[in-house]
Amino acid sequence: MEPRPRQDEHRSPAGRARGVRAALALALTALAAATGVVGVLATFRQDHRLDVATVRMSVHPGEDGSLALYVPLVDWGVRFSVVRLPAQLRLDVRSVDRAAAERIAQDRQVDLHALRSEVRDAVARYLRTLVLLALAGGLALGALVALALRSRDGPRVRWLLACAGVSALACTTAVALLLPPHGPLDTPEYFAHGADIPRALRAVETVERSSQALGEELDAQLVGLARLVVAPAGRQTATGAPRLTLASDVHNNVLVLPALRRAAAGGPLFLAGDLTDRGSRLETAVTRTVAHAGDPLVFVSGNHDSAALEGSLAQAGAVVLTRRGRLRANGTLGPRVVRIGGLRVAGYDDPFLRRSGQAADVEPHPTVAQQAAFDAWLRTLQPDLDVVMVHQPALAAQALRRLAASPPAHPLVFLVGHTHEPDLRAGGEVIVLNAGTAGGGGTGNLTEHQPIGVAVLTYALRPRFEPLAADLVTIDPGSGDVTASRQRLDLGSPPGR
């Protein structure tokens, strides 16, 4: 009589090996089904003909969740963070109906509500087709792997096929729930690929908002798309107008100096303080090459800089501005107001500037007396100024309150830094522009993880100085991608923040 099999036979090495093989086969089947779904998402494209353009719809897995309208011809796009799946739902403009675009851009003889509905319907049709194809792709690849993995010692084929079906269904359900855009399209972000800042700014120039309020943000984007092929009317174009580039808070990050040179593009570069971190002679020697980043470089000190740095930059050919006048290479002082790019410019050196033998105060805050001193200095120069450079916005707080109560007779632009946050405020002929941090926080602020920030001010000089547009540009130091947002300044004041 043969012995009965032991109850724990499945715990034998052979049994455990069969269990591992079965689990691995199920895992590979599930992975194959998920791969089939993602593969369809990444490869399926569909063109839709709209009244004003033909768009190609696609999905780009692995990117930040967003809905993007992209124009390959000019490498320009606008995106909205309204997708919850880690993927970008993108509409590439393949061709534009010029006649329809002219109607939108000039007199808007088009039903924008109907056009928005047409876009929504096209996106919905694409998504329905995409979900069905993704389910089919997941089932097909999962089933193919299930059949390839079937074996006498493994799980039954019906269990493998069931695993493939459940995995494909789960993945496509997640796509159906998370990929469709949710929420209002009220926070547009313009973008361009690559590190060519001027190209990005030229692209953004074509998507200006209308001077008349539009009911919804998408209306503005449709009008902006029309202006890709139609010259803007009713306002002065900023194309070809003079411009200046603003940067600040490099904090010893010499790796960004070539990017600043490219951003300035042979024009004036205004550096609003904190080129260094401690103002030491070693830092000065390393960073003084910034003097050749602009034509010219215009510098005003910040609280992290030093008098030695000012002298070194002046000797290297930079325009170094102080409250008492321009610092010459020989240490003497010139006029307090200088001409740069056709503009009348003055600068106020930081009251916490490090002097010889003095320790740096890295967290200063201007006193009421220091704010009053700045305001008194500005009062004497204001009639002859177009641009004021000062590192700390707080130092100009009293002056800005006075100018808000009694606006100047002509535009006055404040170029500032210190906060490491890009900002634009305007009202009553006064504009305050902050580019953020050009050094991404710099070597002295490694925990900030800030993008590289610069700003560009485009202006007219005739019949008088008039700011036309301000661009806030950020550069991802890892990928080199550029994000540029533009605010027209001659169509009314942007909202203060």
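FYI, it's all coordinate maths here, none of it is from the lab. As the structure is a computational prediction, the values presented were derived from the model and not from experiment. Using ideal geometry, Cβ is built from the backbone for each residue, glycine included, and neighbour counts are taken over all protein chains shown.
Once the Cα-Cα distance is subtracted from the 0.36 nm per residue extended length, the ARG125 to ARG84 segment shows a gain of 12.9 nm.
Here's how it looks for ALA460: its modeled amide H is under 5 Å from those of GLU466, LEU468, which are all 5 or more places away or on a different chain.
A cut-off under 15 angstrom between Cβ atoms defines the neighbours of ARG326, and their net charge, with Lys, Arg +1 and Asp, Glu -1, is +3. Counting only Cα atoms, the stretch 233-323 measures 52, 30, 21 Å along its principal axes, largest extent leading.
Expected output is a single nm value to one decimal: the length gained when fully extending between LEU381 and ASP295, i.e. 0.36 nm times separation in residues minus the C-alpha distance. What is it? List each step's numbers first, then the result.
Values: separation 86, 0.36 × 86 = 30.96 nm, distance 2.46 nm.
Between LEU381 and ASP295, full extension yields 28.5 nm more.
Taking amide H positions as modeled 1.01 Å from N, with prolines and chain starts lacking one, the residues under 5 Å from ASP277 and 5 or more places away or on another chain are ASN252. If R0 equals 56 Å, the separation of the Cβ atoms of ARG278 and LEU31 corresponds to a calculated FRET efficiency of about 0.60.
Evaluate 2.2 N^0.38 Å with N set to the residue count of the stretch 243-488, then give the Cα radius of gyration divided by it. Walk me through the numbers on the way to the answer.
Numbers: Rg = 16.4 Å, N = 246, 2.2 N^0.38 = 17.8 Å.
Scaled against compact globular proteins, the figure is 0.92.
For ALA174 and PHE44, the FRET efficiency from 1/(1 + (r/R0)^6), where r spans their Cβ atoms and R0 equals 22 Å, is about 0.85.
Amide hydrogen proximity for MET389: with H placed 1.01 Å from N in the peptide plane, the residues at 5 or more positions away or on another chain lying under 5 Å are ALA346, GLY347, TYR348, LEU415.
Computed FRET efficiency, Cβ-Cβ of ALA265 and VAL20, R0 60 Å: what is it to the nearest 0.05?
On the way: r = 62 Å, r/R0 = 1.03.
Computed FRET efficiency for ALA265 and VAL20 comes out at 0.45.
Each Cα pair under 8 Å and six or more residues apart adds its sequence gap; the mean of these over the residue count of the stretch 244-283 is a relative contact order of 57 percent.
Relative contact order for the stretch 243-488: what percent, with Cα pairs under 8 Å and sequence separation of 6 or more?
Relative contact order comes out at 19 percent.
For GLU429 and ARG462, calculate 0.36 nm times their separation in residues minus their Cα-Cα distance, and state this gained length in nm to one decimal. Display every interim value, and only then the final one.
Details: separation 33, 0.36 × 33 = 11.88 nm, distance 1.64 nm.
Extra length from GLU429 to ARG462 when fully extended: 10.2 nm.
Modelled this way, with points 7 Å down the Cα-to-C-beta line, the labels at ALA148 and THR54 are 3.7 nm from one another.
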